[in-house]
Each structure stands twice: as C-alpha cells, then as structure tokens.
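Written below as structure tokens is the structure these notes are about.
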Amino acid sequence: MKMQKILLAGLVAALTSTVTVNANATSTYAQTKYPIVLAHGMFGFKSLLGGAVDYWYQIPSTLQANGAKVYVTQVAALESSEVRGEQFLTQVKDVLAITGAAKVNLMGHSHGGHSIRYVAAIMPTKVASVTAIGSPVKGSPVADLISKADSVIAYGALNALAGMIELFNGAGSFNQSARNSIGSFSTVGAATFNAKFPQGVPATACGQGAASVNGVKYYSWSGTKRLTNVLDPTDVLFGATGLFISGANDGLVSQCSSHLGVVLRDDYSMNHLDEVNLMFGLRDIFSTDPKSVYRGHANRLKLAGM
C-alpha cells in the first residue's frame, strides 16, 4: 500500500506542474474548499523551455499566495474534445486520489472549456464547479474557415507546431490531430458536443445557461478586445482572425459563443491569450488584471462553500 501511494504521488507530480500546499500563503482570500484544476486550450502547455514560458502566467502562484491549492494539467495540444476530455479526466481522478479531496473546481480556457465540461458530465459528484474562460461553447467561425478549406498542408503545419510545443514542454507524448481539433472547435463540432453534454449551455443565442446542473455550478467569462498591447505579438494574429467573427470577440471566440452557465462578464478588455495572462502579462494597461479576475473568482467559490 505504501509503495502504491508513492507511485501515485509520482504520477500526479508528472501530470501536474503545480501541486500546492498553502503553507506559504500570505492570505486566505482564495482558499477554496476544494482544489482548483486548470485545463489549457488548443496549442496549450503547462510551461515551455524549463519554465521560461508559462501558459497560466503567474495565475497559479497568485492563487496559491491567497490560499488555494492549484493543479495545472497537460493534454494533447491538438485533438478532439472527447479525446482531450478523457486525458483530462484521468488527471482529475489522480488529483482527487492524491489529495483525498471530495471534489474539485475546474477552470478551462478556450478548448479546455470543453475538457472541464466533459469531466463534469462524466462524474458530476466529484466536481463542485466549472468555469469556462474564453471558451468556444458554440464554436468559432475561424475554425469553420479552416475546416471548410480542409487543407492537408494547413493541418500538417498545425500538427508540426503542436509537435514543437510538445518537444519543449517536457510533459510527455500525446498523439496530435489538427483535423480533429479544428472539427471540435467549429460551430458544427461544438453543436455536436453540446448535444452530448448540454449542461450549462444557453438555450438562446446569447443568453445564460443553467447555473447549476447535477449539483455542479457553471460559470463563464471572456474578453472582447483583440488589440491590447503594442508589445504583444499575438495582437497581430488576433486582430486578423477577429475580422472573420461577427460582433465583439477576443480574436478567436465571439462574446456570445463564450457563454456558459452564469456569465460573470463577457467584455473584459482582453484578447484570447490575455485571458490566461500568457504573454508575460502584456495586456491593456487600463484593463482588469487577469490575475485579479482569477483571484476574485476563487473567492466567489470559497464564499459559496466550494
């Protein structure tokens, strides 16, 4: 039994880049009852180049400093919602096992929003809350364009990029499929996923979804500003891709498509990657600091007994 616990601890350490003990916390503001587990989006990672670049830049450390226990996961950079969901499910089960927690609070960015919804639907008794961040709940027109073109060259280039990310993240090996990923990200793919996992999905085009389903609380928030900092190279990308999306959007996901459960806010001055503070915190200097958004939401979960 002792050896099994040692092996399990090693497995979770390998699967999660941040395993927190609040001994060094300077506050209890974000000290949720249950651990927080973060799920990255398409082309996501835990960290690159030995920690030089973090996907959730300074967000886990901010939550930890305020008393939270945070786990950062890694799944395939490019795969279908169901495949990524199964990979995430395995890691969530390991977190539950090693911590002994009765439940977890799940937060997912972009395609990671599908992963957390998948896990909540599969084992709702083990999930306290689901928070989708800039997630294409109803798909993205950008994915529709790529899917319609169905270019072998484009898919090959996307797979190669995913392979490079995996090479430098040191998080193990996953099969990558740009075709499956883009298909899941499209409006048709999202509709298919929503039919299987409708929990929290709004019944109207731009409304709110059910606040609670099967005992799981559902939340979402997102940004709607594509150009946020002249020093951020991703502004060029999102400035261009956002032109293909009708109405307000973060460069990849429209304001209304991001809605799930209780919409906390859908118009932060953030682009798609500002939502996770990715580019070393480069953002609109007049906008809300993403770290404070996560910290505030953790406090919300704490006050709700989660």
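The values are calculated or read from the model by the stated rules, or taken from the named source; none is laboratory data. Quick caveat: nothing in here was measured; it's all calculated off a predicted structure. All Cβ positions, even for glycine, are placed from backbone atoms using ideal geometry, and neighbour counts span all protein chains on display.
Given the condition farther than 22 Å from Phe88 by Cα, at pLDDT 95 or above, under 21 Å from the mean Cα position of the chain (by Cα) and part of a helix (DSSP H, G or I), answer yes or no: does some residue in the stretch 26-38 qualify? Scanning the stretch 26-38 turns up no residue that is farther than 22 Å from Phe88 by Cα, at pLDDT 95 or above, under 21 Å from the mean Cα position of the chain (by Cα) and part of a helix (DSSP H, G or I). Taking the criterion of being in a loop (DSSP other than H, G, I, E, B) and among the charged types (D, E, K, R), the residues of the stretch 220-264 that qualify are Lys225, Arg226, Asp232, Asp250. Residues that are in contact (Cβ under 8 Å) with a residue 60 or more places away in the chain and more than 15 Å from the chain's Cα centre (by Cα) were ranked within the stretch 59-82; the one that is farthest from Arg179 (Cα to Cα) is Asn66.
The rows are residues; the columns are (1) at pLDDT below 95; (2) surrounded by fewer than 22 Cβ atoms within 10 Å (Cβ to Cβ); (3) part of a helix (DSSP H, G or I).
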position	(1), (2), (3)
Gly51	yes, yes, no
Thr62	no, yes, yes
Thr90	no, yes, yes
Asp94	no, yes, yes
Leu106	no, no, no
Ser135	no, no, no
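Would you call Val188 assigned to a loop (DSSP other than H, G, I, E, B), surrounded by fewer than 19 Cβ atoms within 10 Å (Cβ to Cβ) and more than 17 Å from the chain's Cα centre (by Cα)? No, not satisfied.
What residue, of Arg265, Arg179, is modelled with pLDDT of 95 or more, surrounded by fewer than 22 Cβ atoms within 10 Å (Cβ to Cβ), in contact with a strand residue (DSSP E or B) (Cβ under 9 Å, 6 or more places away or on another chain) and among the basic types (Lys, Arg)? Exactly one of Arg265, Arg179 is modelled with pLDDT of 95 or more, surrounded by fewer than 22 Cβ atoms within 10 Å (Cβ to Cβ), in contact with a strand residue (DSSP E or B) (Cβ under 9 Å, 6 or more places away or on another chain) and among the basic types (Lys, Arg), namely Arg265. Looking across the stretch 136-173, the residues that are of a type outside the set (Lys, Arg) and under 18 Å from the mean Cα position of the chain (by Cα) come down to Pro136, Val137, Gly139, Ser140, Ala143, Ala162, Ile165, Glu166, Asn169, Ala171. The residue that is surrounded by the fewest Cβ atoms within 10 Å (Cβ to Cβ), counting only those in the stretch 271-301 that are more than 24 Å from Pro198 (Cα to Cα), of a type in the set (A, V, I, L, M) and touching a residue at least 60 places away in the same chain (Cβ under 8 Å), is Met279.
Is it fair to say Leu38 is hydrophobic (A, V, I, L, M, F, W, C) and within 19 Å of Gln176 (Cβ to Cβ)?
For Leu38, the condition - hydrophobic (A, V, I, L, M, F, W, C) and within 19 Å of Gln176 (Cβ to Cβ) - is not met.
Looking across the stretch 137-165, just one residue is under 23 Å from Met107 (Cα atoms) and surrounded by fewer than 20 Cβ atoms within 10 Å (Cβ to Cβ), and that is Ile165.
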